[in-house]
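The values are calculated or read from the model by the stated rules, or taken from the named source; none is laboratory data. Everything numeric in this text was worked out from a predicted model, so none of it was measured. Cβ: placed from backbone, ideal geometry, glycine included. Neighbour counts: every protein chain shown. The accessibility values were calculated without ligands, DNA or RNA, using every heavy atom of the protein model including side chains. Shrake-Rupley method; radii C 1.70, N 1.55, O 1.52, S 1.80 Å.
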Amino acid sequence: MKTIIIKAKDHMLSAEELKQAAKALKNGGLVAFPTETVYGLGADALNPQASIKIYTAKGRPSDNPLIVHIADPSQMNVIARDIPDKAYELARVFWPGPLTIILNKKEIVPYETTGGLDTVAIRLPASRIAKDIILASGGYIAAPSANTSGRPSPTMAEHVVEDLFGKIDMIIDGGKSTLGLESTIIDLSTEVATILRPGSITKNMIENVIGKVFYDKAILTRHKEENVVAKAPGMKYRHYAPEGSLTIYEGSIDKVAAVINNKAKKYIEVGNRVGIIATEETKHLYECGIIKVIGSRNDEDSIAAGLYKVLRDFDDIHVEYIFSESFEGNGLGQAIMNRLLKAAGYNIVKVD
Ligand code: TXA
Ligand code: MG
């Protein structure tokens, strides 16, 4: 299949470019576009055949539901029913933005889009291009992250090209995603409000608006042996996985660096390529291996924005082992650790 790449100027598409993207989507095609979290792979959410194409292009298990992206909060009522007040309150405060709300679905949403579930995940993204595309193409766009299933989510158009070129109709290049981690997902389809995936909008921020919410147990899991089944089907798969074997080291940073240096030296001696995930503040502590800076410890946003790119960069140079520092498990740090732990298959070692 021929994939057209369109480079957006000034974070906007021209009327002609928008028309082209909308035409592809209305015809049941696939268009990857930037959002503030990660790039999405869009299809008409109300067209079952279009949704099925997403699963094929990504190699995604068919029981893993898609998020429906809308452009105006009033559209919630068209695709969801029994909407609690809490949903409207969260929408008012956090939309447009990186929050996905799960509600009971109306019939208009095909099971192909919801992975067979009676609930639907809904998000109103902040990115101008995303909003324009959704509006121009009918208003309901299913969009998972635009990566091959199992690879780190794409934070640049180049990542989408790597994974999906030749498999989809169009890729809109809107530069780097500003946040770099997927949206927070909250389930409001049951009595108990539950966060299924942590993201930039934290538990505290949500509780300030609607009161007590809970974490799905799987989010708090630190070891795969705990064997907790995630409620968001997508969270149960080994996700965000780099090619190399990733180990996270947790403890005081000097000890972590000493252990990583020691391991790296041994692995390199016997001919392995080793990558190290460090930060601006700690990069000077490492003595060998390919050291990549993920961001600054004084700026969690930079770490969130840098994580997936570093994992992909290590894939590109085919490192066999990756050693990473660990990050604080609060607020945004919790979302960062959640993704890093999943990338590592929960392979985390305490060094103190
Ligand atoms: O930031 C984001 O949310 C990005 C951008 C493109 O908007 N999208 C994204 O989609 O991350 P995806 O498909 O990669 O992740 C969606 C997650 C999956 O873990 C899926 O299982 C879960 O949301 N999900 C979707 N619908 C659900 C539902 N009805 N019930 C439970 N989990 C659901
Ligand atoms: Mg994804």
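When you scan segment 274-296, how many residues do you find that are among the basic types (Lys, Arg) and buried (at least 17 other Cβ atoms within 10 Å of the Cβ)?
As a first pass, look at segment 274-296 and keep what is among the basic types (Lys, Arg): 283, 292.
Narrowing the set further to residues that are buried (at least 17 other Cβ atoms within 10 Å of the Cβ) leaves 292.
The total comes to 1.
What's the total number of residues in segment 232-266 that are away from ligand 2 (no atom under 16 Å from the Cβ) and either in a strand (DSSP E or B) or buried (at least 18 other Cβ atoms within 10 Å of the Cβ) (or both)?
Of the residues in segment 232-266, 12 are away from ligand 2 (no atom under 16 Å from the Cβ) and either in a strand (DSSP E or B) or buried (at least 18 other Cβ atoms within 10 Å of the Cβ) (or both).
Can you tell me which of Ala87, Ala43, Ala21, Ala50 is open to solvent by less than 10 Å² (accessible area, probe 1.4 Å), closer than 30 Å to Lys203 by Cβ and modelled with pLDDT of 95 or more?
Ala87
So is Asp187 more than 15 Å from ligand 2 (Cβ to nearest atom) and open to solvent by less than 10 Å² (accessible area, probe 1.4 Å) or not?
In short, yes.
So in segment 138-148, with the set limited to residues that are within 23 Å of Val109 (Cα to Cα) and more than 9 Å from ligand 1 (Cβ to nearest atom), which one is surrounded by the most Cβ atoms within 10 Å (Cβ to Cβ)?
Filtering first and then ranking leaves Ile141.
Hey, could you check segment 97-146 for residues that are of a type in the set (Gly, Ala, Ser) and within 16 Å of ligand 2 (Cβ to nearest atom) and say which is farthest from Thr184 (Cα to Cα)? It would help to see each step written out before you state the result.
Let us first name the residues in segment 97-146 that are of a type in the set (Gly, Ala, Ser), namely 97, 115-116, 121, 126-127, 130, 136-139, 142-143, 145-146.
Filter once more, keeping what is within 16 Å of ligand 2 (Cβ to nearest atom): 115, 121, 130, 142-143, 145-146.
On the way: Gly115: 19, Ala121: 11, Ala130: 18, Ala142: 16, Ala143: 15, Ser145: 13, Ala146: 17 Å.
If we take residues in segment 97-146 being of a type in the set (Gly, Ala, Ser) and within 16 Å of ligand 2 (Cβ to nearest atom), then Gly115 is farthest from Thr184 (Cα to Cα).
Here is a yes/no grid of residues against (1) away from ligand 1 (no atom under 16 Å from the Cβ); (2) at pLDDT below 95:
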position	(1), (2)
Lys217	no, yes
Glu225	yes, yes
Tyr237	no, yes
Gly244	yes, yes
Tyr249	yes, no
Ala257	yes, no
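Given the options Ile134, Ile210, name the one that is over 18 Å from the mean Cα position of the chain (by Cα), closer than 25 Å to Asn104 by Cβ, touching a residue at least 24 places away in the same chain (Cβ under 8 Å) and away from ligand 1 (no atom under 15 Å from the Cβ).
Just one listed residue meets the conditions, Ile210.
Run Val319 past the list (1) open to solvent by 10 Å² or more (accessible area, probe 1.4 Å); (2) outside any helix (DSSP H, G or I); (3) of a type in the set (A, V, I, L, M, F, W, C) and report the number of the one that doesn't hold.
Of the numbered conditions (1) open to solvent by 10 Å² or more (accessible area, probe 1.4 Å); (2) outside any helix (DSSP H, G or I); (3) of a type in the set (A, V, I, L, M, F, W, C), the odd one out for Val319 is (1).
Could you please tell me which pairs satisfy a Cβ distance under 6 Å, a separation of 6+ or placement on different chains, a first residue in segment 9-25 that is within 18 Å of Ala43 (Cβ to Cβ), and a second residue that is of a type in the set (S, T, N, Q)?
Ala22/Ser137; Leu25/Ser137
Could you check, for segment 60-77, whether at least one of its residues is over 23 Å from Ala136 (Cβ atoms), open to solvent by 20 Å² or more (accessible area, probe 1.4 Å) and more than 19 Å from the chain's Cα centre (by Cα)? Write out each step before concluding.
In the first step, residues of segment 60-77 are kept if they are over 23 Å from Ala136 (Cβ atoms); the result is 60-65.
Now narrow it down to the ones that are open to solvent by 20 Å² or more (accessible area, probe 1.4 Å): 60-63, 65.
Checking the rest, the ones that are also more than 19 Å from the chain's Cα centre (by Cα) come to none.
Taking every residue of segment 60-77 in turn, none turns out to be over 23 Å from Ala136 (Cβ atoms), open to solvent by 20 Å² or more (accessible area, probe 1.4 Å) and more than 19 Å from the chain's Cα centre (by Cα).
Name every residue in segment 190-207 that is open to solvent by less than 10 Å² (accessible area, probe 1.4 Å), more than 18 Å from Lys342 (Cβ to Cβ) and not in a loop (DSSP other than H, G, I, E, B), in order of residue number.
Result: Ile206, single match.
Looking at segment 282-294, can you tell me whether even one residue there is over 29 Å from Ile185 (Cβ atoms), assigned to a helix (DSSP H, G or I) and among the charged types (D, E, K, R)?
Within segment 282-294, one or more residues are over 29 Å from Ile185 (Cβ atoms), assigned to a helix (DSSP H, G or I) and among the charged types (D, E, K, R).
What are the residues in segment 153-178 that are surrounded by fewer than 21 Cβ atoms within 10 Å (Cβ to Cβ) and either more than 16 Å from ligand 2 (Cβ to nearest atom) or over 25 Å from Gly97 (Cβ atoms) (or both), if any?
The answer is Glu158, Val161, Glu162, Phe165, Gly166, Lys167, Asp173, Gly175, Lys176, Thr178.
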